[in-house]
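Participant: Once you've had a glance at the structure underneath, I'll fire off some questions.
The values are calculated or read from the model by the stated rules, or taken from the named source; none is laboratory data. Note that the structure is a prediction, hence the values are computed from the model and not measured. Cβ atoms come from the backbone with ideal geometry, glycine included; neighbour counts cover every protein chain shown. Surface areas here come from the heavy atoms of the whole protein model, side chains and all, with no ligands, DNA or RNA. Shrake-Rupley method; radii C 1.70, N 1.55, O 1.52, S 1.80 Å.
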Amino acid sequence: MTRLRLAVPTLVSLFAALVFGVLLLLVVGAPPFEALSLLVEGSFGSASKISATLLAWSPLLLASAGLVITFAAGLWNIGVEGQVIMGAIAASWVARVVPGPGWVVVPGTILAGAIGGAVWALLAGFLKTHGGVHEIFGGLGLDFVAAGIATYLVIGPWKRAGVASTSGTDIFRQEAWMPEFQAFGVGWPVVPVLLGLASVALVWVLLRGTLFGLRLKSVGNNSYSSFLLGIPTNRYLLGAFALGGALAGIAGTVQVTAFHHKLVPAISGGYGFLAILVVLLAGFSAALVAPIALFFVAISVGSTQLDLRLGLDSAFGGVLQGVIVLFVMFGGAFAARRASWSRSTQEEP
Amino acid sequence: MALEIRDIHKYFGPVRASDGVSFTIESGTLHGILGENGAGKSTLMKILSGFYEADSGEVVLDGEVLDLRSPADAIEAGIGMLHQDPLVFLPFSVLDNFVLGSPGGIHLDRSEAQSELARVSADLGFHFDPAVAAGDLTVGERQQLAITRLMWLGAKVLIFDEPTTGISATQRVQLFTTLKRLAQDGLIVLFVSHKLEEVEELCDSVTVIRQGKVVYEADMPVPSETLVAEMFGKIFVQEDHASIETGAPLLVCRDLVLDEGTTHIEALDFEIASGEVVGLAGLEGSGQRTLLRACAGLIDPTGGTLTVDGTDLTGASYRDHLHAGVHYLPAGRLEEGLVEGISIAEHLVLVSDDASFFIDWKKAEEVATKEIDEYSIKGRPDSNAETLSGGNQQRLLLAMIPDEVRLLLLEHPTRGLDVESAAYVWTRLLERRERGTSIMFASADLDELLRYSDRIVVFFGGDIFAVRDAAETDGEELGYLIGGKERV
């Protein structure tokens, strides 16, 4: 019953967002149904397109799973973008300096990404628990610092031999790449997708079946009550930051070792911020993250076709994603408000 | 000019905060509004000052029915309210606070405002430096600033809500002089208080409110005992006191000094024996919560020592207190006790001491079913805390108290509960005292204090005013003591 009551406004909102998107396309003078079908074709139209969509899905899954953890603890981990970047930087370092075969280097880059992201998240965490800096401001500041470090490395110490260019560092040697599996004439990102799905499963299990998850949820819903119940709230907040940051950091690893194969300044691909939208749309539930993230990357990947075929800027995909989230959140708030109106006529305010 | 209140009703769900209140106050009167906590004084004043809209009834000023939908409406109509904590923006200057909220457009004429401030404050006999930050003023001066501002805005009715809380004795004298002058100048001054002495000293007439109704109106002076009786109602049945053999001292306070906000408790020497029940009486904010929170380890004492069961806990953390067997149950069940969005079973897992990393949900459900049955909680293991009624939330909180607890600290353990639930809560609590647990609880319900305590500590104005054996006192005496007076 409650499930249904939650689902109906979401579906109505999704429909409204779609209508709004169609209107938007009409305003810019594009044929709306052709544009929408191009979105689908651009993301799932061929084996190589499906593979590209799956490769983009993986870091978004990882970053989203990390955010589900921090949201469960009641944290607005806006610093996720910086955590992806620091994960990418740490993984790049390992890819550049650690010798040896792939089965040594690749796990090394994953571990390094996790550590890089976790350290960066813990910085925001300590700023919050020990410095009284709200995680939104601390995280946002650290996002800029991380982006700055990435750019500095690319045009500074890690610049390509002879040329300093923002197009990135030298390509890593092949052993450091995440292996692909060849089928249907294209390479498939099996490892990234498994990492992404495993992160979502891990978070789902943690939050559903463990004492850690339950305490985290308790701290997130009411940290003062939790403190009075004897839960060390700061330790749990920092734990959530560390775990969320580690998953975001692995998303960074995927970006450098499976997609770019080098470090570039805009290494995060905006997946951190996009993950915030995904998790908001998923209503903070780990189970819903996977399909919603897939839907979102499909829009992102597919929208490149709009540029090629209709001359529409591919930013339209981002506009559509934003509109969907706004509509769904508005719909949710509206439903909640109506529920509280009908309650307040029976109960004390 | 007269202020007329006609048949005001205001319900919060089943709670009748104002239940048909009517009275009239003539101009030039300093009128006292008396009533114990929760009697409905504040609700009525908030209706007058536009913070709440009444469900029905009228406020009439000078023959005109007022349409009060917001504080701005009230001020425009000439009704101004001074809150217990003067609503002053501390980082802003005196002048900025003065002009804040004044009607008018975007343009702000500071020099004109400054001369207005000087004029109005001189009329009232106050003096301000307009450039000083409001945060540097004393609470008394902030009140003066707020009065100046309301007078400048043309207030004809001034409401003072417990204005003597947290100000010095000299400032009190000054405030009273101001109030008398304002009344003499033809204003209607409403003085809301629970302090008998102040009302007796100051007011020309008085209205006593109890349970949302006007129960008494008179011109002063009126004998104190009449006011006490009307405030608290009569009937305090002294039941057979279930006295119990108490043991060795469990909680020992020596020269304890506590500071929290305006509360200052000086050199408290106090013991609670094992198995003893101590009730803390007094109006809300008189210091009971401070003592409870200090004993729970949430406030560090500024002096003295605090020992529980022989362990020195002075300055120890809240968690250390928990481990020493101290358990604190604050008044806000859903704010500082339970967690919204978490079920009964999950709450019990959170407090269980043998929970494993992977939660055994089957076992958790069994435990929850057992506790639900034992504590007669109306709910299912998967019911979230916020869906339970107040009484069932309290039962769940009781179920969450660890078995080996030594000292239980409770705030308003039965507030808002029906009679049956309240009795049930106490049955369960008293079972624990038989096992040697000591209980200290704050309550506004004199009946509850008398019925369940061995000793009653009365707080007044942020300090301990009196300590009585429950068996040797009665509701009438407590009424006096709570109002800050010894029985004559």
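Participant: Taking the condition of being more than 12 Å from residue B:253 (Cα to Cα), away from every other protein chain (no Cβ under 14 Å) and without any contact (Cβ under 8 Å) to a residue 40 or more places away in the chain, how many residues in segment B:291-310 meet it?
Facilitator: Of the residues in segment B:291-310, 1 are more than 12 Å from residue B:253 (Cα to Cα), away from every other protein chain (no Cβ under 14 Å) and without any contact (Cβ under 8 Å) to a residue 40 or more places away in the chain.
Participant: Pick from B:63, B:78, B:57: which is on the phi > 0 side of the Ramachandran plot and either at pLDDT below 85 or loosely packed, with under 13 Cβ neighbours inside 10 Å (or both)? Break it down stepwise before answering.
Facilitator: Numbers: B:78 fails: either at pLDDT below 85 or loosely packed, with under 13 Cβ neighbours inside 10 Å (or both); B:57 fails: either at pLDDT below 85 or loosely packed, with under 13 Cβ neighbours inside 10 Å (or both).
Testing whether each residue is on the phi > 0 side of the Ramachandran plot and either at pLDDT below 85 or loosely packed, with under 13 Cβ neighbours inside 10 Å (or both) leaves just B:63.
Participant: Any residue that is in contact (Cβ under 8 Å) with a residue 40 or more places away in the chain, part of a helix (DSSP H, G or I) and loosely packed, with under 15 Cβ neighbours inside 10 Å - is there at least one of those in segment A:22-35?
Facilitator: Among the residues of segment A:22-35, at least one is in contact (Cβ under 8 Å) with a residue 40 or more places away in the chain, part of a helix (DSSP H, G or I) and loosely packed, with under 15 Cβ neighbours inside 10 Å, which makes the answer yes.
Participant: Taking residue A:62 and the conditions (1) among the aliphatic types (A, V, I, L, M); (2) part of a helix (DSSP H, G or I); (3) under 30 Å from residue B:339 (Cα atoms); (4) modelled with pLDDT under 95, which numbered condition does it fall short on, given that it satisfies the others?
Facilitator: Status for residue A:62: all satisfied but (4).
Participant: Let me ask something else. Only one of (1) at pLDDT 90 or above; (2) part of a loop (DSSP other than H, G, I, E, B) is not met by residue B:247, so which one is it?
Facilitator: All conditions are met except number (1).
Participant: Could you check segment A:163-186 and list, in sequence order, the residues that are over 30 Å from residue A:292 (Cα atoms), open to solvent by 80 Å² or more (accessible area, probe 1.4 Å) and not in a helix (DSSP H, G or I)?
Facilitator: Within segment A:163-186, A:166, A:171, A:173 qualify.
Participant: Tell me which residues, restricted to segment B:1-42, are part of a strand (DSSP E or B), among the charged types (D, E, K, R) and modelled with pLDDT under 85.
Facilitator: Step one: list which residues in segment B:1-42 are part of a strand (DSSP E or B), which gives B:2-12, B:15-26, B:30-34.
With among the charged types (D, E, K, R) added as a condition, the list becomes B:4, B:6-7, B:10, B:16, B:19, B:26.
Once the filter is applied, which keeps residues that are part of a strand (DSSP E or B), among the charged types (D, E, K, R) and modelled with pLDDT under 85, segment B:1-42 yields only B:16.
Participant: Additional query: Restricting attention to segment A:220-240, and to residues there that are open to solvent by less than 10 Å² (accessible area, probe 1.4 Å) and under 24 Å from residue A:119 (Cα atoms), which single residue is farthest from the other protein chains (Cβ to nearest Cβ)?
Facilitator: A:240
Participant: Filter segment B:340-353 down to the residues that are facing another protein chain (nearest Cβ under 9 Å) and open to solvent by less than 30 Å² (accessible area, probe 1.4 Å) and list them by number.
Facilitator: B:341, B:342, B:346, B:347, B:349, B:350, listed by residue number.
Participant: Does segment B:258-270 include one or more residues that are away from every other protein chain (no Cβ under 14 Å), in a loop (DSSP other than H, G, I, E, B) and surrounded by fewer than 21 Cβ atoms within 10 Å (Cβ to Cβ)? Walk me through it before giving the result.
Facilitator: Filtering segment B:258-270 down to residues away from every other protein chain (no Cβ under 14 Å) leaves B:258-270.
Now restrict to residues that are in a loop (DSSP other than H, G, I, E, B): B:261-262.
Now narrow it down to the ones that are surrounded by fewer than 21 Cβ atoms within 10 Å (Cβ to Cβ): B:261-262.
Yes, that holds for at least one residue.
Participant: Here's something else I'd like to know. Among B:207, B:305, which is touching a Cys at 6+ places or on another chain (Cβ under 9 Å) and at pLDDT 90 or above?
Facilitator: Details: B:207 fails: touching a Cys at 6+ places or on another chain (Cβ under 9 Å).
When all the criteria are applied, what remains is B:305.
Participant: Determine which single condition residue B:413 fails, assuming it passes every other condition in (1) free of Cβ contacts under 8 Å to residues at least 60 places away in the same chain; (2) away from chain A (no Cβ under 13 Å); (3) surrounded by 21 or more Cβ atoms within 10 Å (Cβ to Cβ).
Facilitator: So the condition that residue B:413 fails would be (1).
Participant: Go through segment A:191-219 and give me each residue that's away from every other protein chain (no Cβ under 14 Å) and surrounded by fewer than 17 Cβ atoms within 10 Å (Cβ to Cβ).
Facilitator: Those that are away from every other protein chain (no Cβ under 14 Å) and surrounded by fewer than 17 Cβ atoms within 10 Å (Cβ to Cβ): A:194, A:197, A:198, A:201.
Participant: Collect the residues in segment B:164-217 that are acidic (Asp, Glu) and in a strand (DSSP E or B), keeping them in residue-number order. Walk me through it before giving the result.
Facilitator: If we filter segment B:164-217 for residues that are acidic (Asp, Glu), which is where we start, we get B:185, B:197-198, B:200-201, B:204, B:217.
Listed by number, the list holds a single entry, B:217.
Participant: Same structure again: If a residue has to be more than 8 Å from chain A (Cβ to nearest Cβ), surrounded by fewer than 16 Cβ atoms within 10 Å (Cβ to Cβ) and farther than 24 Å from residue B:416 by Cα to count, how many in segment B:315-334 make the cut?
Facilitator: Residues meeting the conditions: 4.
Participant: If I ask for residues that are open to solvent by 90 Å² or more (accessible area, probe 1.4 Å) and either of a type in the set (A, V, I, L, M) or away from chain A (no Cβ under 14 Å) (or both), which ones from segment B:354-378 would you list?
Facilitator: If the condition is that a residue be open to solvent by 90 Å² or more (accessible area, probe 1.4 Å) and either of a type in the set (A, V, I, L, M) or away from chain A (no Cβ under 14 Å) (or both), then B:366, B:370, B:373, B:378 are the ones that fit.
Participant: Determine, yes or no, whether residue B:337 is in a loop (DSSP other than H, G, I, E, B), within 12 Å of chain A (Cβ to nearest Cβ), open to solvent by less than 20 Å² (accessible area, probe 1.4 Å) and not charged (D, E, K, R).
Facilitator: On the way: in a loop (DSSP other than H, G, I, E, B): yes; within 12 Å of chain A (Cβ to nearest Cβ): yes; open to solvent by less than 20 Å² (accessible area, probe 1.4 Å): yes; not charged (D, E, K, R): yes.
Yes; evaluated as a whole, the condition is true for this residue.
Participant: Inside segment B:389-488, counting only strands (runs of 3 or more DSSP E) that do not spill past its ends, which hold 2 or more residues that are under 17 Å from residue B:326 (Cα atoms)? Step through it out loud before you land on a result.
Facilitator: Working: elements: B:407-411, B:438-442, B:455-460, B:463-469.
Fully inside segment B:389-488 and qualifying: B:407-411, B:438-442.
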